[in-house]
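Please read the structure below before turning to the comments.
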Amino acid sequence: MTGDVAVLGAGMHPWGKWGRSFVAYGRAAAREALADAGLDWRDVGAIVGADTVRGGYPGYVAGATFAQALGWQGARVTSVYAACASGAQAIGTARAQILAGLADVVLVVGADAAPKGFFAPPGGDRPDDPDWLRFRVLGATNPAYFALYARRRMALHGDTVEDFAQVKVKNAAAGALNPRARYRKAVTAEEVAASAVVADPLRLLDICATSDGGAALVLSSMEFARRHGRPDPVRIRAVSTVTPTYPKAVLDLPDIATDSAVAVAPAAHSFRASIARAAYEEAGIGPEDLSLAEVYDLSTALELEWYEDIGLCAPGEGAKLVREGATALGGRIPVNASGGLASFGEAVPAQAIAQVCELTWQLRGAAGDRQVAGARVGITANQGLFGHGSAVVAVR
């Protein structure tokens, strides 16, 4: 039995700050994905919703919330939450249901209505919650730990603020070509340098925003796709949702301590690197086979780290790829051809799904002015809090 499932439809509500319910964004994305697939909502056998903890009670049961918004029709329902990895877990759940024969067609939906400013844990006292603790004990907001990662790269690898700025310049240039992006304006390195310092060394234009948005995919078995006139669809070949291995010896907030490595040596590869390695192993490919990648650019510095984690270069060489133009549109291995979070901002449950939407359009050759020539294989990568891996390999 093949592990492939077909991507019949992809849909997205444009990112922004629209002031509406997350349900409206998810419903719009789902309807677009269904239309793209040429299917009716009543053709769907199961729906998987990626939860939002910010949208009130219905957000915690997003599968049923979106099923009701589209009109009850008896489909199986699942809701998942894994912070920023929620979308990948939703895709993985849908794929498993299809491969198990529980449904021929599954709709995957994620959407969020984000607060103004940076994300913070929901209210209340939760001293056993590491995310709550890092805010209350350390005062480590998201921009603060993005900056710590940046400082670490500067100390270990000699990266500079100019290198970080070039990541923003690259992603903004791609986002300017994407009609679904929130920010559609090219920027210069000088404009990045002139933007306000948020958490040294990172400036405002180095850090992604929080956004409203939604994304959806219609997945099916390969047999269903062939029966319905889609003999050569984009296919999802691997979904990695791995957890770290003990001992985890590199600090990774919101955890505020590491495991001891006295008795057991750390793994040869970091947690983030293990996410991509598991996806490559399942898909039977390597980084040398990639046409493009969509990675989790919470900050410009973090994007450079992902280059190394997904195997595009050796540790410490991420900035070199940007300087050479290798990861820009037209380069050897474009990264974040969508514009990335730099151009979209975070809509947490939707963003891993949105990454796969971009791969789908690219592998179809339907990405317009930002099209990667000859795209055949792509990977997504991000990471959810508390050890949630997230990577998807799509092929054509």
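Ignoring ligands, DNA and RNA, what percent of the 1.4 Å accessible area of region 140-286 is carbon and sulfur?
56
For Ala120 and Arg376, what is the calculated FRET efficiency with R₀ set at 41 Å and r taken between the beta-carbons, to the nearest 0.05?
Efficiency at R0 = 41 Å is approximately 0.50.
Please state, to two decimals, what the Cα-based radius of gyration of region 112-172 comes to when divided by 2.2 N^0.38 Å (N = residues).
That ratio works out to 1.46.
Determine the equivalent ellipsoid of region 233-321 by diagonalising the alpha-carbon gyration tensor, then write out the semi-axes as square roots of 5 times the eigenvalues, largest first, rounded to whole Å.
Over the Cα atoms of region 233-321, the semi-axes work out to 25, 17, 12 Å.
Percent of alpha carbon pairs in region 68-188 separated by more than 24 Å?
The answer is 58 percent, as a whole percent.
What does the extension gain come out to for Asp232 and Arg136, with contour length at 0.36 nm per residue minus their alpha carbon separation?
29.4 nm
Would you mind checking the pairs Lys116/Lys170; Lys116/Lys248; Lys17/Lys170 and listing those with alpha carbons more than 29 angstrom apart?
With Cα atoms farther than 29 Å apart: Lys116/Lys248.
Would you calculate the separation in nanometres between label points at Glu317 and Lys17, each defined as 7 Å from the Cα along the Cα-to-beta-carbon direction?
Placing both labels 7 Å along Cα→Cβ, they lie 4.1 nm apart.
Counting C-alpha atoms alone, how compact is region 82-130: give Rg to one decimal and Dmax as a whole number, in angstrom.
In Å, with Rg to one decimal and Dmax whole: 15.9, 44.
If you take the square roots of the eigenvalues of the alpha-carbon gyration tensor of region 198-269 and sort them as a ≥ b ≥ c, do you get rounded (a/c under 1.5), prolate (a/b over b/c) or oblate?
Oblate is the answer for region 198-269, as a/c is 1.5 or above yet b/c matches or exceeds a/b.
Across region 226-266, what fraction of all alpha-carbon pairs, as a whole percent, falls in each successive 5 Å bin from zero upward?
Answer for region 226-266: a P(r) of 5, 16, 15, 12, 9, 7, 7, 6, 7, 10, 5, 1 percent.
Just from its helices, what would the mean residue ellipticity at 222 nm be for the chain, if runs of 4 or more DSSP H residues each count -39500 (n - 2.57) and the sum is divided by every residue, rounded to the nearest 500 deg cm²/dmol?
Computed ellipticity for the chain at 222 nm equals -10500 deg cm²/dmol.
When only alpha-carbon atoms count, how far does region 144-263 stretch along each of its three principal axes, as whole angstroms with the largest first?
Principal extents (Cα only, largest first): 55, 51, 26 Å.
For region 240-396, state what percent of all Cα-Cα pairs lands in each successive 10 Å bin, counting from 0 Å until the bin that includes the largest distance.
Each 10 Å bin holds this share of Cα pairs: 11, 41, 35, 11, 2, 0.
From the C-alpha gyration tensor of region 3-143, pull out the three semi-axes of the equivalent ellipsoid (sqrt of 5λ each), sorted largest to smallest, in whole Å.
The three semi-axes for region 3-143 are 30, 17, 13 Å.
Want the number for Leu204 to Asp369: 0.36 nm per residue separation, take away the alpha-carbon distance, what's left?
Once the chain is fully extended between Leu204 and Asp369, it gains 56.7 nm.
Would you mind getting the accessible area per residue of the chain, heavy atoms of the protein chains only, 1.4 Å probe, in Å²?
For the chain, the solvent-accessible area averages 39 Å² per residue.
Return the Rg/Rh value of the chain, two decimal places, where both radii are evaluated on C-alpha atoms and Rh is the Kirkwood radius.
Over the Cα atoms of the chain, Rg/Rh equals 0.95.
Give the aspartates and glutamates reachable from Lys185 as a straight Cα distance under 15 Å; neighbours fewer than 8 places away on the same chain don't count.
Result set, ordered by chain and number: Asp206, Asp369.
Around Gly318, with a cut-off of 13 angstrom between Cβ atoms, what is the net charge of the other residues, counting Lys and Arg +1 and Asp and Glu -1?
-3
Identify, among His157, Pro14, Gln371, the residue whose Cα sits farthest towards the positive end of the charge dipole of the chain, taking +1 on the Cβ of Lys and Arg and -1 on the Cβ of Asp and Glu, with the dipole about the Cα centre.
Of the listed residues, the answer is Pro14.
The values are calculated or read from the model by the stated rules, or taken from the named source; none is laboratory data. Note that the structure is a prediction, hence the values are computed from the model and not measured. Cβ coordinates were reconstructed from backbone atoms using ideal geometry, including for glycine residues, and neighbour counts include every protein chain displayed. Side chains are part of the model used for accessible areas, which takes the heavy atoms of the whole protein and leaves out ligands, DNA and RNA. Shrake-Rupley method; radii C 1.70, N 1.55, O 1.52, S 1.80 Å.
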